[in-house]
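The values are calculated or read from the model by the stated rules, or taken from the named source; none is laboratory data. Since this is a predicted model, take the numbers as computed values, not measurements. Using ideal geometry, Cβ is built from the backbone for each residue, glycine included, and neighbour counts are taken over all protein chains shown.
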């Protein structure tokens, strides 16, 4: 068995070359590059006068193998085409981020990774170079305006003697826990007019964030209560409120037993809103639902906002003057609602966005609450970005802010729907179901599970294509894709998210298997062709599925998942809080009369790994602290030793829990797709890994596929040797794959003579003879042959020039980068010696004209069109700086067939 597996793995080494085929040439086909380069509007801020929006867009920088952000400015007062005028303000290989307008709206301040990332920059809204404002040697982050001249930021006071001494000794030891040497950061105020700095907080331990009130009077900041390396299973941060006018600081919200976060002040300066995650297990910070509160600055008391929605909010809300727009958890969607504040009560109002209902994500609201920017998408609709006027709960004058992803608009997008079925405890389970491309009712298709992480996360009916999950790429390969919101998922209410507490795996397994059964009973899927993939908790569930159902799944692709909870407890940065919440205590805790918590073994796939028969490809980042890479090693070692299933293990150097490098994201996707192709779709790649595309061997093998008759290029039609033609596009004209040869022309003119052995060399004729030849060819074959039109000839010449210096032209024979002055000298030698430079057809690589692979377009002999000549001969110099047509004396024929 081990020998068989080794053979299979050796075969697989060539599979990642298989993701080429149709997607390389057809703009409607998805590629991994399309997925990771999808464009989004990020970091949105609306100008003080509501006439501009500044935002960022990410791009890949190949040379640095990473993604960076550029800053864009959209002018709402200037129209361009059918949208607003957008100006790209920065464009480089550094990351420009956190843009905010100055209070007068004349400048944009931002941070950047340029020059070690320790400087504050600004740029005029009218353009020009970015200006350095100040260098902050201890770093700068989290920009917020206190007033028109004072900018707040987070930083620290610099290195202590203890730290400096360690650096001098080049001591790179990591101190895991050290309660003696806290490294606090603080909130500072920088006066952009006077160029002065003031520290505003005196916290002794690190900040968890801060927020300034709109009038600049009140500052809220959080302070950690521990400084351990993992910060695991510790008490929640303290929250402090500072009056910047009096300097008085007091701790607030001390009675809260749950995390508090997301502080936002109202416009009337009388209070602020904040979120808290409520659950029944505060001891371990167990997952719960998000609730909203309001804190009154006069009474110093808080009030819970009655959302009138038992599922809670979905982690996002925006202050509109003194009211709030809230994104409500709505199972497989999110629903916007408006809450009007009346003293200490709130009136809920529905926001009606028509077809966009439940599919909108708010990006930001203007300071005065009159403008709102948001994203609209579904699982089958690429995101669009809008700006609207806002008055209370009413959106009006909606306009598209900017049009992105123009290339993706040509893609074929698969159908999707929100699927609901009965799962654990006979409760409703939701999921996003993606249909196979060109789905035919009544036909059964493979099914791939794509399982989200968390577990307290969710898959929504919103666009969600990325390196870790890409249903459209899979759907175009002819399969269903199901993203299940299994029990334990967020967005579905408190009882749902807590249902797997001390009950890990059981509800999730039941949900997923019952979902598969529903699709099977509906006749949609082939249960003999099931696969599962997922990252983080999605990988954890995928692995257990292959343990519990060893004969069910044909392929598994888990990334960054656990297999051994006993080792996870001590090595994961949140192993204590996570594991104790889901497994009911520490590994050594007494359960059921045992001296240890048996769940850590019973719930670990490692101890049942001998059951797995599913071909499995494992991914991990080497610097992952959420699911340490050694979990992958244990997984791989178990499968490799048991030897019942093919296994492949890839870890990505320097990568954390989420892959960040462009090359790593693409490698993960391509390896994964190749694995799925092989073991789920039974389509292993037959390419030889020792064979290099573009090599001389590749060239000669391609020539073997062209048509020949008794060793002569061309095909036999009615007993006549005629040129082979290939279609430029589907149902379009065809072009001669080669120039017309001596042997082909002799079929027309029996008196045509040429040297022995040059049957497959291009014929040299006059334009009159060329026209007579194509007319004769039409008469003899019954097809319509002709020379290219002038327009076609011009297009062919343009294509020819792009490749001419690498084909049979004088530039090639010179052996160096020929320049005009040398050409004149070289021509004298050629005229004197008269060498034969023309070669047999097909001696250089083919070039693409539409879908047609065509040889010798850029050299060997020039070619006729109906009114002249295009291309180059072996005796012609191709001047890259000249657009003048070459007056070649060595001219042949390339036919067009209508």
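A quick yes/no check of all residues on (1) under 17 Å from residue 898 (Cβ atoms); (2) in contact with a strand residue (DSSP E or B) (Cβ under 7 Å, 6 or more places away or on another chain); (3) not assigned by TED's automatic domain parsing to the domain that holds residue 874:
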residue	(1), (2), (3)
712	no, yes, no
717	yes, no, no
744	no, yes, no
754	no, no, no
763	no, yes, no
771	yes, no, no
778	yes, yes, no
784	yes, yes, no
792	yes, yes, no
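No other residue among 878, 847 is touching a strand residue (DSSP E or B) at 6+ places or on another chain (Cβ under 7 Å) and surrounded by fewer than 24 Cβ atoms within 10 Å (Cβ to Cβ) apart from 847. Looking across the stretch 269-285, the residues that are touching a strand residue (DSSP E or B) at 6+ places or on another chain (Cβ under 9 Å) and not in a strand (DSSP E or B) come down to 269, 270, 279, 285. Could you tell me whether any residue of the stretch 361-379 is without any contact (Cβ under 8 Å) to a residue 24 or more places away in the chain, surrounded by fewer than 19 Cβ atoms within 10 Å (Cβ to Cβ) and part of a strand (DSSP E or B)? Within the stretch 361-379 (the criterion being without any contact (Cβ under 8 Å) to a residue 24 or more places away in the chain, surrounded by fewer than 19 Cβ atoms within 10 Å (Cβ to Cβ) and part of a strand (DSSP E or B)), the answer is no, since none of the residues qualifies. If you go through the stretch 814-825 and keep only what is in a helix (DSSP H, G or I) and exposed (fewer than 15 other Cβ atoms within 10 Å of the Cβ), you end up with 820, 821, 822, 824, 825. Looking only at the stretch 404-426, residues that are touching a strand residue (DSSP E or B) at 6+ places or on another chain (Cβ under 6 Å) and in a loop (DSSP other than H, G, I, E, B) come to 3 in all. Residue count for the stretch 719-759 satisfying the condition of being closer than 15 Å to residue 784 by Cα, assigned to a loop (DSSP other than H, G, I, E, B) and touching a residue at least 12 places away in the same chain (Cβ under 8 Å): 4.
Among the criteria (1) surrounded by 15 or more Cβ atoms within 10 Å (Cβ to Cβ); (2) closer than 23 Å to residue 390 by Cβ; (3) over 36 Å from the mean Cα position of the chain (by Cα), the one residue 302 does not fulfil is (2). Of the candidates 488, 478, 493, the single residue that is surrounded by fewer than 21 Cβ atoms within 10 Å (Cβ to Cβ), more than 24 Å from residue 554 (Cβ to Cβ) and within 31 Å of the chain's Cα centre (by Cα) is 493.
Do we find that residue 798 is farther than 17 Å from residue 880 by Cα, without any contact (Cβ under 8 Å) to a residue 24 or more places away in the chain, assigned by TED's automatic domain parsing to the domain that holds residue 716 and surrounded by fewer than 16 Cβ atoms within 10 Å (Cβ to Cβ) in this structure? In short, no.
Only residues that are assigned to a loop (DSSP other than H, G, I, E, B), closer than 15 Å to residue 620 by Cα and over 17 Å from the mean Cα position of the chain (by Cα) were counted in the stretch 644-689, giving 2. Which of the residues that make up the stretch 608-631 are in a helix (DSSP H, G or I) and touching a residue at least 24 places away in the same chain (Cβ under 8 Å)? Listed by number, the residues that qualify are 608, 609, 610, 611, 630, 631. All of 77, 104, 65 fail the test of being without any contact (Cβ under 8 Å) to a residue 40 or more places away in the chain and surrounded by fewer than 16 Cβ atoms within 10 Å (Cβ to Cβ), apart from 77. Can you confirm whether the stretch 166-187 contains a residue that is surrounded by fewer than 17 Cβ atoms within 10 Å (Cβ to Cβ) and in contact with a strand residue (DSSP E or B) (Cβ under 9 Å, 6 or more places away or on another chain)? Looking through the stretch 166-187, at least one residue is surrounded by fewer than 17 Cβ atoms within 10 Å (Cβ to Cβ) and in contact with a strand residue (DSSP E or B) (Cβ under 9 Å, 6 or more places away or on another chain). Scanning the stretch 140-174 for residues that are in a loop (DSSP other than H, G, I, E, B) and either more than 24 Å from residue 225 (Cα to Cα) or without any contact (Cβ under 8 Å) to a residue 40 or more places away in the chain (or both) yields 140, 148, 149, 156, 158, 159, 160, 169, 170, 171, 172, 173. The number of residues in the stretch 568-597 that are assigned to a loop (DSSP other than H, G, I, E, B) and either in the same structural domain as residue 622 (by TED's automatic domain parsing) or more than 32 Å from the chain's Cα centre (by Cα) (or both) comes to 14. Spot the failing condition for residue 508; the list is (1) surrounded by 24 or more Cβ atoms within 10 Å (Cβ to Cβ); (2) not in a helix (DSSP H, G or I), and only one is missed. Here residue 508 clears every test but (2).
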